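Peer 1: Just passing along the structure, written as structure tokens.
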Amino acid sequence: LATYGGGFYITDDEGSTWTIGNKGLITTRLTALSFSPDYPDDGVIYAGAIRRLLRSDDSGRSWQPIDLRFRSFGHRVVNKLERMGRPVDWLRSDTGVTLPVYPTVTVQPRGNGDRVLFATRFHGVMQYRNDTAEISRLWSGTDEIITSFKLSPDFLSDQIAFASVRGSGLSRSTDGGVSWVAVNDGLDIVKQWNATPAGGDFRRDMLIALSPSFDSDGT
């Protein structure tokens, strides 16, 4: 269980008792977690926190941060200014320089162990490579608020992912997150939202859940 201020709680008796698992955390303000597809064998869990992506190799007993700051010169300048406490708004411009990302939706292993695909609240869909520690942007969501993000249970084969954008409904990718199309047919509520725009309203959020048999039932 990832809490928004209390860190991680772990149960191994179906919820009867809980222990705290915050070793290694710099912040206890957490946002999401996801188990590795090979969790029974590797004990790996990924999690999101304010300004950080986290990884545990021991079933949540301890955590290590993954640095999400971009390495280019422009991004290093922004990173430095941000650490100096400069206002955020004037750093967000059309120059292509983007502030460090904030994982706030869900963190999902891609399926082959070396890459992690995850979404952020303001910066779209990102990919992190464990082998090279490189981070790249697959889909820019700048100035859009992503509130839910899910991968197909068979993502390694079908490359299908879904994202919910506040006030805009649902989008789907069939190429591993590189390109996205809206999938709002039948969602009349999105038409109502478009008629009275207010994209920052949290009441215009949608959450996504996929069937464990998604590859066969498409639900």
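Peer 1: Using amide H atoms built 1.01 Å from N in the peptide plane, name the residues 5+ places from SER148, or on other chains, whose amide H lies under 5 Å from its own.
Peer 2: For SER148, the qualifying residues are SER164.
Peer 1: Hey, what do the phi angles of segment 8-17 turn into as Karplus ³J(HN,Hα) couplings, whole Hz, using 6.51/-1.76/1.60 and θ = phi - 60°, x for Gly and Pro?
Peer 2: 9, 10, 10, 10, 10, 9, 6, x, 5, 9
Peer 1: Follow-up question, since we're still on this one. For segment 206-212, just list the computed ³J(HN,Hα) in residue order, Karplus coefficients 6.51, -1.76 and 1.60, θ = phi - 60°, integers in Hz, with x standing in for Gly and Pro.
Peer 2: 10, 10, 10, 9, 10, 4, x
Peer 1: Here is a further query. Suppose each label sits 7 Å from its Cα in the direction of the beta carbon; what would the SER179-ASP131 distance come out to in nanometres?
Peer 2: 2.7
Peer 1: Order these peptides, 182-192, 32-42, 151-161, 118-128, by their mean beta-carbon neighbour count within 10 angstrom, highest first. Let's see the in-between values first.
Peer 2: Details: 182-192: 11.6, 32-42: 15.3, 151-161: 18.5, 118-128: 22.7.
Order by mean packing, descending: 118-128, 151-161, 32-42, 182-192.
Peer 1: Then there is this: Please give the length that would be gained between ASP42 and ARG29 if that part of the chain were fully extended, namely 0.36 nm times their separation in residues minus their C-alpha to C-alpha distance (nm, one decimal).
Peer 2: Working: separation 13, 0.36 × 13 = 4.68 nm, distance 2.54 nm.
Extending this stretch completely gives an extra 2.1 nm.
Peer 1: Grab the beta carbon distance between ASP13 and ASP57, set R0 = 25 Å, and tell me the FRET efficiency rounded to 0.05. Don't skip to the answer; put the middle values down first.
Peer 2: Numbers: r = 23 Å, r/R0 = 0.91.
E(calc), rounded to 0.05, equals 0.65.
Peer 1: What distance in nm separates the two pseudo spin-label positions at TYR4 and GLN192, each 7 Å out from Cα along the beta-carbon direction?
Peer 2: 2.3
Peer 1: Could you give the length gained on full extension between ARG203 and ASP215, defined as 0.36 nm per residue of separation minus the Cα-Cα distance, in nm? Please report the intermediate quantities before stating the final value.
Peer 2: Numbers: separation 12, 0.36 × 12 = 4.32 nm, distance 3.06 nm.
Using 0.36 nm per residue and subtracting the Cα-Cα distance, I get 1.3 nm.
Read-outs: derived from the displayed coordinates by stated rules, not from any lab. Please read these numbers as outputs of a predicted model, since none were measured by experiment. Cβ sites come from the backbone with ideal geometry, for glycine too, and all protein chains shown count toward neighbours.
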